[in-house]
Structure formats: C-alpha cells, structure tokens
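Working notes, beginning with the structure itself.
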Amino acid sequence: MTDADRFAGRFLIPGGLWLLIFFAIPFVIVIALSFGTPGELGGAVYGWYPENYSRAFDPIFVPVLARSVGYAVATVALCLLLGYPVAYYIALFGGRRKHLLIALVVLPFFVNYLVRTYAWAALLSDEGIVNGALGLNEPIRFLNTPWAVIGGLVYGYLAFMILPVYAALDRMDPALIEAGKDLYGSNWSTFWHVTWPTTFQGVLAGTVLVFLPAVGDFVSAQLLGGPGTYMVGNLIQQQFFGAENWPFGAALTVLMMAFLFVWMVLYLRSAARAAREATA
Amino acid sequence: MTRNLFDEPMRRRELLQGGAGLALALGLAGCGVGEEGATSDKKQTERVVKAEPDGDLVYFNWSQYMEPKLIKAFEKRYGVKVRESNFDSMQGMMAKLRSGNRYDVIFPSSEWVDRLRKANQLLRIDPEQVPNASTVYDYFAKPWYDPQADHTIPYALYATGIIYRKDKVEMTGSWNDIGLDTARGRAYLLDDYQEVLGAGNLVNGAELNETDEAAVAKAKQWALDLKPTLRGFSTEDVTNMVNGNAWVHHGWNGDVVNIRNQVKRPENYSFVKCSEGIPLGTDCFAIPANAEHPGTALTFINFILDPENASKNIEYMGYPMPYEGPDATFAALVKDDPEIDVTIEDLENGQQFANLGAAGRRTWDRAWTEIKAA
Amino acid sequence: MRWLRVYLGVFFLFLFAPILLVVVFSFNSQRSLQNFDGLSLEWYRAFFENESLRGSLIASLQIAVVTMLIGTLLGTLLAFGLVRARTRWAGTANVLMLVPLVTPEIVAGVSAFLLFTQVGMQLSLATITLAHITFSISYVTVVVRARLAALNPEVEQAAMDLGATRLETLRLVVLPALWPAVLAAALLVFALSFDDFVLSFFTTGESPQPLPVRIWSAIRFGVTPTINAIGTLMLAISAIAIALAVALPRLLGRRESGLGVLLGRDEA
C-alpha cells in the first residue's frame, strides 16, 4: 500500500463510518427484531420467535409477494418499452437541444411522487377529466385496478430507466451505427446487432434501478389500487402502522431484502465483468 | 468503477463482517432484551395539572370528528395554537403513540382506554379541572373501562352500522348488505380490524368480542368472501360517500349527519343498524402521560364541553355527547332520523368492544393481516 | 424517423398531463378537480396563511439544506477514497455505498424507524435529517466519483513534483476541477431530500412534519386543492435547484454543463 493509498484511504472513514452506523447497523437491529414478538402496547420484545419467518411463507402471503414481483416486472417492461425510444431519439436526434429535451423528460420527476400519483388518481377517477372527456354513460373504472397501480409505478420510476439508457446511448460512438448500417442494411438489424448490445449495460442499470424499488413500493397501491392489489410494501407498512406486529414486519423486510439482494449481486457482477471487458 | 468488487479476499472479509453482525443480532435476540417503556412508572400518571394553557395543543383525533370552528375559537380565546394530526384507525393511533410521539389530547375508544390505562399511559384527570364535565350522564361515573372515571372524559357515543345511498340501493338491514349485488364495486368495509372481525362475529351469531380461533376464522372468511365486491377498505366513510365512490359503506352513525351537511341531496343518504348485532362504544378525551402541555389539554376539554360549544359540535359531527344540556341538540337531530340514535340504554344492553387481551388480540391481528393480504 | 417524433410528442403529453393538472388547478378558484372556474390565488394564500403548513415548508427546507451540506461533504470524501485508495477497505466501502442506492425506500424507512425507536431517540426533524443524509451519500459519491475518475492525474503529479503536499494538491488542483460535480451532486441531494416521502414518513415526529408527509395526510383524509398549490410550489423549488445544478457551471465559466456531470459524461 503506497503513501497515496494510505492518504486516500483516510477519506473513506467519515462516509464509511456514517453508513456503518446509520445504514448497516439498523439492518442488524431489523434482523434482531424479526425474531421478536409484539409487546403489550404494540412495540416489540426481543426473543427467539422464528415463527415470524415461517408465517411469512404461509400460503396466504405468497400471492402478495408474487404480485409485487409481477407488478415490478411489468413496470420494468413498460418502462423499457416506453422509455428506450425516448432516450434513443433524444440521444441520436436531439442535436443541440439534447440537454433541454432530457431536462424536460426529467422535470416531472421533481414533482413530489405523492402529488404526481394523486394527480393521476384525480385524472382517472370516475368523475375525473378523462371520464368527463369520454362522456360515456357509465364511467370507466380506471382506478382501484392492478393496471392503475402498474401505471402509477411506471410513471413514478420511468426516469430511472430513461437516464441510464440515455447516458449509454449518448456515450456510444455514432460511427458504430453508421458501420452497422453498412453491415446489416436495415435499421432494425442495426439496432438489434449494434445499438442494443452496446447499450445493454445501461438497460441493465435501468432495470435494477426500477425493479428493486418498485417491488417495495406501497404508495401507488395505496392511492391507485383496490383491496386486491396489496403489495408486500403495503403489508410491511401495515405491520408497523396498522396491525401492531413490528417483528413480523421486520421479518418481511429481511426476506424482501434477501430476495432483492440476489438480484443486486447478479447485477453488480455483470457490471463488474462488463467494466473489466471494456478496459481489457 | 466496480473493480476489485469480487476479489477473493473481499469475499472472505465481508463474510466475516456479515457473520459478526448476525451473531450480534442473534445475541440480542437470545438475551431477550426487554421492551422499553411499555408499562411506565405510575408516578408520571399522577402528575398534578391545572387547567391553564401551558403551550400549544398537540391534538390527535379522527379526521372530521370535531367542529373546526371550535378549534379556531379555542385558539383565539386562549392565544395558543392547535397542532392537529389525524389517525385513521385505533391501531394507527397506537402505532404513533408507541413510536414515541408526544400528544396532548387523544381520543381513544373505550377498549383502548382500558389498555392504555392499565399500562399507565394516561394522565390522571382531576374532575375539578373540568367543571363542564360534571353534567355527564351517571353511567359514566363508573364506566367499565375507567372504573374510577379519573383518566378519561367521555366525548361521544357511537354505533357501527352501514351508511348507504337510499337512491341507489335497497337494504335488508343485515351486515351482508355490504355484499349486495346492486352495490358491487361501490362497497367499503372499515379499515379497522376490530370493526370488521366484530361484524364478522356478529353475522355468524357469535359474541362481538369472540376470540376463539374457529369463530375468528369464520369471521375472517366472511370478510374474505366480501372482498371481491369491495372497492376498498377505508375509515374515510364521509369522504367516500360524499364523492360518490361509495354507495354502501361500513361506517358510524354520526357520520351520516356530517355527510348530509356536505352534499347537494342530503335525503339520499341514510344509516342502518344491522339486525345481527350493533357494536357500540364510547370515544373519550384522554391525555397521554407524557403530554407536554397537559394544562392546555384540560383547558381544551373544558372548552369543548361548554354547553354551547358542545351543541355546535354535535351539529357538525352528528354523534351524541353524553351530557345533560347538549343532549337536547342531539335529540333534535334524531327526531327525524331515529336510526342514528344511540342511548345509554343501548350502551347498557348492547355489545361493546372489549379489551381482548394480548392473546386474543394476536388472533384477531393475524386474521386481519390475512384479510388484507389475500 | 417521423413515427419516433410523433411518439415523443405523445409521450411528453402523457408525461406532463398530471403535472399540468396540478399546476393549472392550483390556480382554480373552485374546489373542483374537474371544472376550471377562473383564476385565483386562493389556495396559495391558504397555504401561506396556514401557520402549520408554513412550518412544514420551513422544516422541509431546513432538512434539505442540512442534508445537502453534510451529505455532499461525506459523499465527496468517500468518492475520493474510493477512487484513489487501492486498499482492501475500499472494496467494502464500495459495496456499503452502493447498497442504499438500490434499497427500496420502505426497507430504508423501516430500518431507520427501528434504529431510532429502539435506541430511544424521539422522532423529530433531527431523525429525518439523519436518515436523509444516510441515503444521500451514495448519490453524491456516484456523481463525484465519475468526475474524479476522469481527471487527468498528470496535473496532480506535476503539482506534487513542484513541491505541493497531498493536501495542497487536493485543495488547489483537484477541488477546482471537481466542483461542478460537487455542486451538481449537492443540488441533486437537495431536490431529493425536499421531495422525499417514504423515509420521512417513517422517521417523522409529530410536529412539524415535512411537506410530503403533510400531503400524504391530506390525501388520506380528505383532499383540498391546497395540495395542488403545495405541489406546484415544491415543483418550482426543485426545478430551481436542478436548473442551478445544470446552469451554474456553464455560467461560471466551465465548458460543460452540470447535466453532463450528472450523467457521468467523461468530459474533463
């Protein structure tokens, strides 16, 4: 370890220590609490009650977990489908207005997530503007359905897909596309054989940034969903602020993190491999 | 950017660190470190407090459950601010209390009063500090949940039933009306485990507070069977009825009055008490033991119970306040609509939610989580 | 690529529809969210006259500023360490830094909530700030690190050859080259903290509560159009923060814009 390394190494301490105390250690507490049991007035008593975990695998909760993953997958797919073309156009055809356009795309995401979601609820409600414009006899029930929730999730996390994809597209050498067109002829072939593989890491980053938070989201389901759209985030929130079962909520949190951790690790490995290959 | 991430030495180190963390967690678990502050020292509840403003009031109540004009009038009269927060269920209230937030006045219902009082979480109230409460009905000199009547002051009586749109649905007077075909997709159950499981128990002929596993399972099934026809679970019965989302809503009697005050056609909104059984209860003023401004709280309670103010309040929220004097206002309201009436006789003969005890509560809790998750 | 352009147009329409709804109806003189009945500043007035909401706005701003200052500081230091230190700890720190980025907010909220309640800390603005800082460090690190990695080490080497100490080199060579990234990261953190809901929801005390938590209560308990006014105000404040992040470097003589920095472009 050189002098430079030692010098720089010290800089790791403040941030690292903070994260250790306020991020890593709380996880330990969550794990410890997940083995506890609810106290008399709702808090928790530590102890050894692993049944919190076996209860989490009770068949009645499996649909909730499956649903959360399902919604998140749908969200990622839609974000990719809707967002990639936008990023593509702006990166390749935006010209001098590139930055303005991408800023415009990102701007709505600085309206508070709650306000945005509630605005959609207002737009789509039975007495809302959309139904008003359609003018039908029986208003279409947009809200309180799974698609409303997915729509809310897509709208909430779209920027997390567009930005990494845009960054990847922007970084790409346009000469590659030219060469690709010469080689493959059609636009689609070029896209599939040249553009897509080159931007794949960006797509992967976007996927991770959308999928992981979406699984744990509870705001969309709460504001746009119905009784049948309960997600694992709602379940966890309910354990803390509804039912008084913090330990069960903690167990669910641990399980969810474990599930997501797997995907996180897979992604990091893929990114590391790609980085190695890029500099090889 | 992510080089060296998965170098072998790193793996081992992280594993070690992870292992240490886990050991710490299990160690804590094994030691059975106890819960903090569940039942606190009785001394704190015995503080002597006078009814004079000692700071802003931190007020925690259901939404739309007190005339807002009264709150403004209180602020003006005593020169203090009222900081209002709302809860949407008793459990929600308990969760906030449990996480250490400090309130000055809260509004628990009777069975929760029992729980809080036994855990020494409520401040003792000297009746002399609240002279306007002296006109309370005799029943409340020794209520079951507060035998000495020294930790709470009654706020309102309520009954649970179904609020419905007369112009849209025909009711048969049963709890099963929530699942009526004509109201499909426009029905709500209360987002409250006691109300839902209680109703489930009543529908199946059991006692309101039955905690036997088999009975609770049947109650749970009733709710699960209803779920496909529901639009949601919500305690915002006033809001949902007013904006037309609900035609049939599991709800509380007085809310019908509140709804009628807000809609264009009040005659379309009505309330029905169900034949299988009617849950009843009392909501009370209470002051948490750790309140920062109990003096203001006492002043506030006395202010609201002033006969003129109480009458105004009844007109706004539609619930009877059990005090001689203001009760005339309620009688006037009820004259045209006996359905919303709740009397002391009802309380004495009817079924009230009881404190289920830890084990019973756990059974209900699990059933409720399963209802919400399915 | 005509269809792509059409698609972009439709896309922007859907993207901005709810935003427009919020902004336009914040000036509605009626309570309704369907009928626009004439311009009025009534809801803004209601917001500013409401002492409790004003308190929440100030609370949100306070939290955001403190989070910005401390988070940026910690994140920048961490970025430097991650890029320059070839030690074994760097790898661990890297993972520790990346995990918060992909942790669902509810997990973050639950952990923070349990930490504070189990340790006996009363929930308050301080607890919210502590939680916000924790989750902002990673954003700063990622942004600053990208810029740091792209710096030409030869300039620093030259400075040291000329007799500067490491610390002086840091101050006189690295920081000046780095500051657009730091600024961009700082303003990003400000906007994120100001807008944050889930984390604040779990760690908030009773009063004052930050604006997004107030919005949640308002939505749950009977909406008033004041929410639209609040939303528009928050949009304005966040937009200003982002605009500053993008424009300041340009204005102050740099070639690249803050946006490029945020997106990790390798311009030096």
Would you mind telling me which numbered condition in (1) free of Cβ contacts under 8 Å to residues at least 40 places away in the same chain; (2) among the polar types (S, T, N, Q); (3) more than 9 Å from chain C (Cβ to nearest Cβ); (4) closer than 15 Å to A:Val149 by Cβ A:Thr199 fails? (4)
Looking at the range B:213-235, is at least one residue crowded, with 23+ Cβ neighbours inside 10 Å, more than 14 Å from every other protein chain (Cβ to nearest Cβ) and not aromatic (Phe, Trp, Tyr)? yes
When residues of the range B:349-374 are filtered for being away from every other protein chain (no Cβ under 14 Å) and farther than 18 Å from B:Val113 by Cα, how many remain? 2
Might you check whether a residue that is farther than 30 Å from A:Pro164 by Cβ, surrounded by 16 or more Cβ atoms within 10 Å (Cβ to Cβ), under 27 Å from the mean Cα position of the chain (by Cα) and facing another protein chain (nearest Cβ under 7 Å) occurs anywhere in the range A:46-55? no
For the range A:124-226, which helices (runs of 4 or more DSSP H) that fit wholly inside it have 3 or more residues that are surrounded by 19 or more Cβ atoms within 10 Å (Cβ to Cβ)? A:146-171, A:196-215, A:219-224
State yes or no: is A:Tyr155 modelled with pLDDT of 90 or more and under 25 Å from A:Glu127 (Cβ atoms)? yes
Over the range A:58-75, the set of residues surrounded by 22 or more Cβ atoms within 10 Å (Cβ to Cβ) and away from chain B (no Cβ under 14 Å) is A:Tyr71, A:Ala72, A:Thr75
Quick check: is even one residue across the range C:93-113 more than 9 Å from chain A (Cβ to nearest Cβ) and at pLDDT below 90? yes
Counting just the residues of the range B:46-72 that are more than 14 Å from chain C (Cβ to nearest Cβ), buried (at least 16 other Cβ atoms within 10 Å of the Cβ) and closer than 30 Å to B:Val238 by Cα, which one comes out farthest from the chain's Cα centre (by Cα)? B:Leu70
Tally of residues being out of contact with any Gly (no Cβ under 7 Å at 6 or more places or on another chain) and part of a loop (DSSP other than H, G, I, E, B) across the range B:308-328: 6
Could you please find all residues in the range A:68-90 being over 26 Å from A:Arg171 (Cα atoms) and of a type in the set (A, V, I, L, M, F, W, C)? A:Val69, A:Ala72, A:Val73, A:Ala74
Looking at (1) farther than 23 Å from C:Ile230 by Cβ; (2) within 13 Å of chain C (Cβ to nearest Cβ), which is the only condition A:Ala159 fails? (1)
Taking the range A:1-29 on its own, how many of its residues are more than 7 Å from chain C (Cβ to nearest Cβ) and not in a helix (DSSP H, G or I)? 1
Is at least one residue of the range A:233-252 more than 25 Å from A:Gly43 (Cβ to Cβ), within 10 Å of chain C (Cβ to nearest Cβ) and at pLDDT 85 or above? no
Regarding A:Ala168, is this residue within 12 Å of chain C (Cβ to nearest Cβ) and in contact with a Gly (Cβ under 8 Å, 6 or more places away or on another chain)? yes
Looking only at helices (runs of 4 or more DSSP H) that fall completely inside the range B:46-128, which ones have 1 or more residues that are under 13 Å from B:Ala291 (Cβ atoms)? B:90-98, B:110-118
Inside the range C:52-86, can you point out the residues that are over 30 Å from B:Leu57 (Cα atoms), surrounded by fewer than 18 Cβ atoms within 10 Å (Cβ to Cβ) and at the interface with another protein chain (Cβ under 9 Å from one of its Cβ atoms)? C:Leu73, C:Arg86
Condition set in contact (Cβ under 8 Å) with a residue 60 or more places away in the chain and not in a helix (DSSP H, G or I), scope the range C:1-29, selection nearest to the other protein chains (Cβ to nearest Cβ): answer is C:Ser26
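The values are calculated or read from the model by the stated rules, or taken from the named source; none is laboratory data. All values derive from a computational prediction rather than experimental measurement. In this analysis, Cβ positions are derived from the backbone assuming ideal geometry, glycine residues included, and neighbour counts consider all displayed protein chains.
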